[in-house]
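Working notes for the structure below.
The values are calculated or read from the model by the stated rules, or taken from the named source; none is laboratory data. Given the structure is predicted, the values throughout are model-derived calculations rather than measurements. Glycine also receives a Cβ, built like all others from the backbone with ideal geometry; neighbour counts cover every protein chain displayed. With ligands, DNA and RNA removed, areas are computed over all heavy atoms of the protein, side chains included. Shrake-Rupley method; radii C 1.70, N 1.55, O 1.52, S 1.80 Å.
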Amino acid sequence: MRGAVVFLCLLATGAAAEGPRSVIPWLSESLLAPDAPDVAVPEPSASPSGGEIEMSPLGAPVRDGAGLLSPQATGFPPDLWQETSALRVRRLIAGHPGTGVPSTRELFHTVLIAEATPPPGAGSRLLLQRIDRLMADGRLEEAEALIETAGIADPEIFRRAFDIGLLTDRSERVCTALAEGPALSPTLPARIFCLARAGDWAAAELTLSLGVEIGALTPPEEDMLARFLDPQLFEDVAPPPVPKPLTTLDFVLRDAIALPRPNGALPPAFLHIDLRQESPMRARILAAERLVRETAVPAQVLLAAYRAGVPAASGGIWDRAAAIQRLDAALETGSSGEMTAAVLEADTLFSSVGLRRLAAVATAPLIRRLDHDTLPTEARKRSAELLLLARDWVGAVRCLQGTNDTMDRFLSALAQPGTAFDETGALPPLKRAAARGLTRPDVPSLRGEEIAARLSGGAYGAALLETLALLAPGTDIDPGDFETGLWLLRKAGLTDWARRIAVETLLLLPEA
């Protein structure tokens, strides 16, 4: 409590000169989608000339190169950002569409967590840009791990760590860091929250009272914190409006006392609060489904949500939960016929809601136990497709053996690097583009030639992000761009990624 009083006394010396301090919007400008309601997204600042001066203190450690994956693990060169300015790298990351089939998205995020020599003059701003983009895309685990690798050494990093701790219910560590280093955060609401989180409610209430007395809190902050510390006093009082912008701390405080959420879809990062085991099963499934579609969390997170209890009704999410539980039962005690029926049911059900790759992960263990030679033609083909989507290349080829069907031979070639595709002229345009992009030796287009020159000229990272932007339309991609994008990935030494993206683009099409 004494520390809280000392802090407020220090704050009071500046409060008279600066007026009331409002809570920093934390990462609301990066966590919230551009079209999200009740959000004020500030425009990025720029110098009058439209350029930007990059500065790094002499002798300061450069943390921009911190990463979770080594060059050996990623296949990227250590000098990923050679021949590219820090400003351009940040703009490429911020402006990347972030769309595409799952592997396209995963490769983009692999770039963000890769260990690499930073461009000159980067300081720590590129690191912050990478963390912000991971958080904006809902990939909080990776953002948190990147922060741990770089270290919490300044307020900018701390704010991001604090937001992640709030949304993942792991705030103890950042609150401890704040208690040990008060300069990490100038915001009083964060300190009050941490005092309450540690169980020191008396100190939290005293800090709130003193903060109000010296004008260190705005009326909305005072109201929200008072409700959080003693919600019973406000049982008959109308809930306050959703603040603009809605900060992570605002959102968590409102959620803790069951105040209404803002209208419209929440940003991906905010959905993590519903992934907790104590969340209602429906909320947990809805949050996990959206995050899995956006490749923000692994498929196992959603499968665990489906298995968290008995489906409460029929239709929608409950049918999907029941289908996963039937897969589990069939794997445990089912006959070949029951397993086949469960696989086909799951494939149909999850494909209709954009979750076919989740179905592939869930059904692969059953498919591997089936006798493929006895399966009906349609069941055999769909089983092979699911194994391809589950990245079980060997199993898929085995499933497709002994067939003369043109499409089956195409899928089999797709699963085997270096295998020639026959009869490409008879293939539909997108499949023909995939075959050419994965095998042709020469550059397919002028655009591909331009990007390839940057790959060879030292701007590997920038060229890779341009390639991924070319593939961002996903299953709606133009065949020419598809062929060029796959060829460029091969040129970049990422042949396995090219194959994954080709498989998903073709097998996640609605008609597939």
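Listing for the model above:
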| item | result |
| --- | --- |
| For segment 176-191 versus segment 100-132, the gap between their alpha-carbon centres in whole angstrom | 28 Å |
| Where labels lie 7 Å past Cα in the beta-carbon direction, separation of ALA265 and ALA153 in nm | 3.8 nm |
| Selected from GLY395, ALA435, TRP487, residue furthest toward positive end of dipole (segment 357-508; charges at beta carbon) | GLY395 |
| Segment 75-171 - accessible surface per residue (Å², probe 1.4 Å) | 32 Å² |
| Residue-wise HN-Hα coupling along segment 411-427, computed from phi with Karplus coefficients 6.51, -1.76, 1.60 (Hz; x: Gly, Pro) | 5, 5, 5, 4, 7, 10, x, x, 7, 6, 9, 9, 6, 5, x, 8, 7 |
| Whole-Hz couplings from phi, Karplus 6.51/-1.76/1.60, listed for segment 113-118; x for Gly and Pro | 9, 6, 7, 7, 5, x |
| Solvent-accessible area, 1.4 Å probe, carbon plus sulfur percent, for the chain | 55 percent |
| Accessible area per residue, Å², segment 178-335 with all protein chains present, probe 1.4 Å | 46 Å² |
| Rounded Å value of the spacing that divides the Cα centres of segment 243-266 and segment 361-377 | 45 Å |
| Cα-centred dipole magnitude for segment 212-338, charges only on beta-carbon of K, R (+1) and D, E (-1), debye, nearest 20 | 560 debye |
| Pairwise FRET efficiency - GLN300 versus SER456, Cβ, R0 = 30 Å, nearest 0.05 | 0.15 |
| Helix 155-168 axis, angle to the chain major axis (alpha carbon atoms, nearest 10°) | 70 degrees |
| Zone of GLU332's modelled label, taken as backbone nitrogen in segment 354-370 under 17 Å from a point 7 Å along Cα→Cβ | 363, 365-366 |
| Segment 370-512: C-alpha gyration tensor shape, a/c 1.5 cut-off, then a/b vs b/c | prolate |
| Folded to 0 to 90 degrees: helix 460-470 orientation relative to the chain principal axis, Cα | 70 degrees |
| Between helix 336-351 and the chain: long-axis angle, C-alpha atoms, 0 to 90°, nearest 10 | 60 degrees |
| Highest-first arrangement of 338-344, 480-486, where packing means the average Cβ count within 10 Å | 480-486, 338-344 |
| Protection-proxy order for peptides 488-496, 276-284, each taking the mean of Cβ atoms within 10 Å per residue, highest first | 488-496, 276-284 |
| Shape call, segment 374-418: gyration tensor on alpha carbons, a/c limit 1.5 | oblate |
| Whole-number percent relative contact order across the chain, with pairs defined as alpha carbons under 8 Å at least 6 apart | 17 percent |
| Global form of segment 136-279, assessed from the alpha-carbon gyration tensor, a/c cut-off 1.5 | oblate |
| Label corresponding to Cα extents along the principal axes in Å when calculated from the structure given, among (i) 80, 74, 40; (ii) 82, 58, 33; (iii) 65, 64, 41 | (ii) |
| For peptides 170-177, 389-396, sequence by mean Cβ density within 10 Å, most packed first | 389-396, 170-177 |
